[in-house]
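The values are calculated or read from the model by the stated rules, or taken from the named source; none is laboratory data. All of these numbers come straight from a predicted model, not from anything done at the bench. Backbone-built Cβ (ideal geometry, glycine too); neighbour counts: all protein chains shown.
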Amino acid sequence: MYYKNTLCLLIIVTIMLFSQCKSSHVSISRKAKSTYNFIRITNLSEKTFNKLLTNPKRNQKHFNIKRFNKKLSITKHESSGFSALTICNQTPSNKHIIYFHGGAYFAEATKSHRKLIEKICLTYNYKVSFIKYPLAPENEAAFTHKVTNELYQIIQKKYPDDVFILMGDSAGGGLALAFLQTLVSENHQNIPNKTVLLSPWLDVEMSNPEITDYIEKDVLLNLDGLIKCGQIYAGKLPTKDPQVSPIYGNMNNLGEIKVFVSTHELFYPDCQRLKSKILQAEGSSCDMTVMNNMIHDWIIFPFDESEQCLEEIHQFIEN
């Protein structure tokens, strides 16, 4: 969810050191395991969330237009003081991903998010509109949804012939699902029929009793920190409001949902719960890929498993 510079550097150093061992054929899967073990040893999750709650970084330059791959074209959209960037190559298809980044609703997107979006655009020729949605503690969930809807409507009008797909990681996955439920409940036109949720945060209360079984397994997320972030983000809304915790929302008519989650995430029990609820709903379907022993939000890391998941996403969008 939120990766401080220190954590990112530690991960990078770990991967570099691991790749320089005597064997010249070190697999990405081994790097993933090495990274997981290193993060566990350093025990940074509590410190990371404490810093996030007290002093979240702002105005970072990871999504400055000048930072993007020069092969990509960038179009900026603005509403209510916030913006979205539509990124594509020179010959994009009409498949258009609306992307919501993770970060516990407190943190800005990271360089890893930008690299992921660049890869999607360059490899699969999709357009990606990255939503710079309002963050807590400066803003609350109701306003975040208002701005998200405004930016989405602007993008739809700009690209009327595109086929839209919602996608989000971690908190962004929760926002993507909550936003989809809102679009359906308000009977919007051109509601996306496909949604991709990457390690989604579905209940900010973290009330599922099974979650405690995963505290020792999840080396990136901190349970108390998540609950505090969720309470602040909810603002005047109840924490069980579907705009805040979409696990409590209406699961009917959501179209096709694709979920990616690991067995070593605090969010794993709620992802299982989500799939069960969707399978009982009308007009909705859910397919879930469960990865063993991976860190939370592994798809934004340079692992072989991340490549596999991107290919699955591609197949899901195309089929």
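Among the numbered conditions (1) modelled with pLDDT of 95 or more; (2) outside any helix (DSSP H, G or I); (3) under 23 Å from residue 201 (Cα atoms), tell me where residue 58 comes up short.
Status for residue 58: all satisfied but (1).
Rundown of residues vs (1) in contact with a Cys (Cβ under 7 Å, 6 or more places away or on another chain); (2) at pLDDT below 95; (3) β-branched (Val, Ile, Thr), yes/no style:
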site	(1), (2), (3)
63	no, yes, no
82	no, no, no
89	yes, no, no
103	no, no, no
121	yes, no, no
128	yes, no, yes
131	no, no, yes
144	no, no, yes
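If you check residue 95 against the conditions, is it under 20 Å from the mean Cα position of the chain (by Cα), among the charged types (D, E, K, R) and over 16 Å from residue 121 (Cα atoms)?
For residue 95, the condition - under 20 Å from the mean Cα position of the chain (by Cα), among the charged types (D, E, K, R) and over 16 Å from residue 121 (Cα atoms) - is not met.
Find the residue count for the stretch 304-319, including only residues that are acidic (Asp, Glu) and over 16 Å from residue 195 (Cβ atoms). Write out each step before concluding.
From the stretch 304-319, those acidic (Asp, Glu) are 304-305, 307, 311-312, 318; that's our starting set.
Now drop any that are not over 16 Å from residue 195 (Cβ atoms), which leaves 304-305, 307, 311.
Residues meeting the conditions: 4.
Take residues that are free of Cβ contacts under 8 Å to residues at least 24 places away in the same chain and tell me which of the strands (runs of 3 or more DSSP E) falling wholly in the stretch 73-126 contain 2 or more. I'd like the intermediate steps shown before the answer.
Working: elements: 73-79, 82-88, 95-100.
The strands (runs of 3 or more DSSP E) meeting that bar are 73-79.
I'm checking my understanding of the structure. Among residues of the stretch 155-182 that are farther than 21 Å from residue 271 by Cβ and touching a residue at least 24 places away in the same chain (Cβ under 8 Å), which one is surrounded by the fewest Cβ atoms within 10 Å (Cβ to Cβ)? Walk me through it before giving the result.
Residues of the stretch 155-182 that are farther than 21 Å from residue 271 by Cβ, as a first pass: 155-164.
Of the ones still in play, those that are also touching a residue at least 24 places away in the same chain (Cβ under 8 Å) are 155-156, 158-159, 161-164.
Working: 155: 20, 156: 18, 158: 13, 159: 18, 161: 6, 162: 20, 163: 17, 164: 21.
Per the stated criteria, the residue is 161.
Any chance the stretch 56-71 includes a residue that's farther than 19 Å from residue 158 by Cβ and crowded, with 22+ Cβ neighbours inside 10 Å? Steps first, please.
Within the stretch 56-71, the subset farther than 19 Å from residue 158 by Cβ is 56-62, 64, 66-67, 69-71.
Still in the running and crowded, with 22+ Cβ neighbours inside 10 Å: none.
No, because not a single residue in the stretch 56-71 is farther than 19 Å from residue 158 by Cβ and crowded, with 22+ Cβ neighbours inside 10 Å.
For the stretch 119-172, what are the residues that are of a type in the set (Asp, Glu) and under 24 Å from residue 245 (Cβ atoms)?
If the condition is that a residue be of a type in the set (Asp, Glu) and under 24 Å from residue 245 (Cβ atoms), then 138, 140, 150, 169 are the ones that fit.
In this structure, does residue 301 turn out to be buried (at least 16 other Cβ atoms within 10 Å of the Cβ), within 17 Å of residue 194 (Cα to Cα) and in contact (Cβ under 8 Å) with a residue 12 or more places away in the chain?
no
Which one is nearest to residue 38 (Cα to Cα) among residues in the stretch 264-284 that are among the small types (Gly, Ala, Ser) and in contact (Cβ under 8 Å) with a residue 12 or more places away in the chain?
Let us first name the residues in the stretch 264-284 that are among the small types (Gly, Ala, Ser), namely 276, 281, 283-284.
Next, only the ones that are in contact (Cβ under 8 Å) with a residue 12 or more places away in the chain stay: 281, 283-284.
Values: 281: 41, 283: 43, 284: 39 Å.
For the stretch 264-284, the residue satisfying everything is 284.
Across the stretch 271-319, which residue is modelled with the lowest pLDDT among those that are among the charged types (D, E, K, R) and either in contact with a strand residue (DSSP E or B) (Cβ under 7 Å, 6 or more places away or on another chain) or within 17 Å of residue 255 (Cα to Cα) (or both)?
Start the filter on the stretch 271-319 by keeping residues that are among the charged types (D, E, K, R), which leaves 273, 275, 277, 282, 287, 297, 304-305, 307, 311-312, 318.
Remaining after also requiring either in contact with a strand residue (DSSP E or B) (Cβ under 7 Å, 6 or more places away or on another chain) or within 17 Å of residue 255 (Cα to Cα) (or both): 275, 277, 282, 287, 297, 305, 312, 318.
On the way: 275: 99, 277: 99, 282: 98, 287: 98, 297: 96, 305: 93, 312: 98, 318: 98.
Applying the filter and picking the extreme gives 305.
Quick one: in the stretch 184-225, of everything that is among the aliphatic types (A, V, I, L, M), over 11 Å from residue 267 (Cα atoms) and within 19 Å of the chain's Cα centre (by Cα), which residue is surrounded by the fewest Cβ atoms within 10 Å (Cβ to Cβ)? Outline the logic, then answer.
Our first condition is that a residue be among the aliphatic types (A, V, I, L, M); within the stretch 184-225, this holds for 184, 191, 196-198, 202, 204, 206, 211, 215, 219-221, 223.
When the remaining residues are screened for being over 11 Å from residue 267 (Cα atoms), the result is 184, 191, 196-197, 219-220.
After this cut, where a residue has to be within 19 Å of the chain's Cα centre (by Cα) as well, the list is 196-197, 219-220.
Values: 196: 25, 197: 30, 219: 21, 220: 24.
Across the stretch 184-225, the extreme among qualifying residues is 219.
Scanning for something closer than 25 Å to residue 149 by Cβ and either over 15 Å from the mean Cα position of the chain (by Cα) or free of Cβ contacts under 8 Å to residues at least 60 places away in the same chain (or both), does the stretch 285-297 turn up at least one residue?
Yes, the stretch 285-297 contains a residue that is closer than 25 Å to residue 149 by Cβ and either over 15 Å from the mean Cα position of the chain (by Cα) or free of Cβ contacts under 8 Å to residues at least 60 places away in the same chain (or both).
Which members of the stretch 275-298 meet the condition of being surrounded by fewer than 15 Cβ atoms within 10 Å (Cβ to Cβ) and among the acidic types (Asp, Glu)?
Within the stretch 275-298, 282, 287 qualify.
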